[in-house]
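Written out below as structure tokens is the structure these notes cover.
The values are calculated or read from the model by the stated rules, or taken from the named source; none is laboratory data. Please read all numbers here as calculations on a predicted model, not as lab measurements. Using ideal geometry, Cβ is built from the backbone for each residue, glycine included, and neighbour counts are taken over all protein chains shown. For accessibility, only protein heavy atoms count, side chains too; no ligands or nucleic acids. Shrake-Rupley method; radii C 1.70, N 1.55, O 1.52, S 1.80 Å.
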Amino acid sequence: MVQRSNELSKEIAETREEMGERLIELRRRGRRAARRTMQVAIIAGALAGAAVVGLVAYRMTRPPTLGERARRLVPTRQLAGLRLPSMRMYVNDKQVVDRDDSATEKLVVTAARAFGTAAATAAIGILLRRVTGRDESKPKAE
């Protein structure tokens, strides 16, 4: 019985030693894998950062294409959803409302003002010529 107990103790000790060695080897492998993974992540991050910087530099240094210029001029929103022009309302010198316009609304308002100014100028010119008698559109009496 004692001999069997000694054999079992030896086997247990050997198994513990083997397991300890395996555990140490697995820890080494884990550290190596973690180091390798970290290196790959750093390299991938550096490459992605370089690509982003390169793309930003490319977009900032190249001249805009004709299509990009046209898209900048033409408003992208639908004209049907226009709001009122911007307005600021004051009550007793205290500002109550301050609303800004979108780019589309500013463009439409500017175009409407220009059209209105041109039409009013033409109408006043015609009216003044008729009043002063210098109207070239009437047939001249010979």
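Evaluation of Asp98 against the conditions (1) part of a helix (DSSP H, G or I); (2) at pLDDT below 75 shows that the sole unmet condition is (1).
Determine whether Ala118 is within 26 Å of Arg72 (Cα to Cα), in a helix (DSSP H, G or I) and either modelled with pLDDT of 75 or more or of a type in the set (D, E, K, R) (or both). Let's see the steps before the verdict.
Numbers: within 26 Å of Arg72 (Cα to Cα): yes; in a helix (DSSP H, G or I): yes; either modelled with pLDDT of 75 or more or of a type in the set (D, E, K, R) (or both): yes.
Judged against the criteria, Ala118 is a match.
When restricted to residues that are open to solvent by 100 Å² or more (accessible area, probe 1.4 Å) and part of a helix (DSSP H, G or I), region 1-25 contains 11.
When you scan region 55-67, do you find a residue that is of a type in the set (D, E, K, R), surrounded by 10 or more Cβ atoms within 10 Å (Cβ to Cβ), at negative phi and in a helix (DSSP H, G or I), even just one?
From region 55-67, those of a type in the set (D, E, K, R) are 59, 62; that's our starting set.
Still in the running and surrounded by 10 or more Cβ atoms within 10 Å (Cβ to Cβ): none.
Among the residues of region 55-67, not one is of a type in the set (D, E, K, R), surrounded by 10 or more Cβ atoms within 10 Å (Cβ to Cβ), at negative phi and in a helix (DSSP H, G or I), which makes the answer no.
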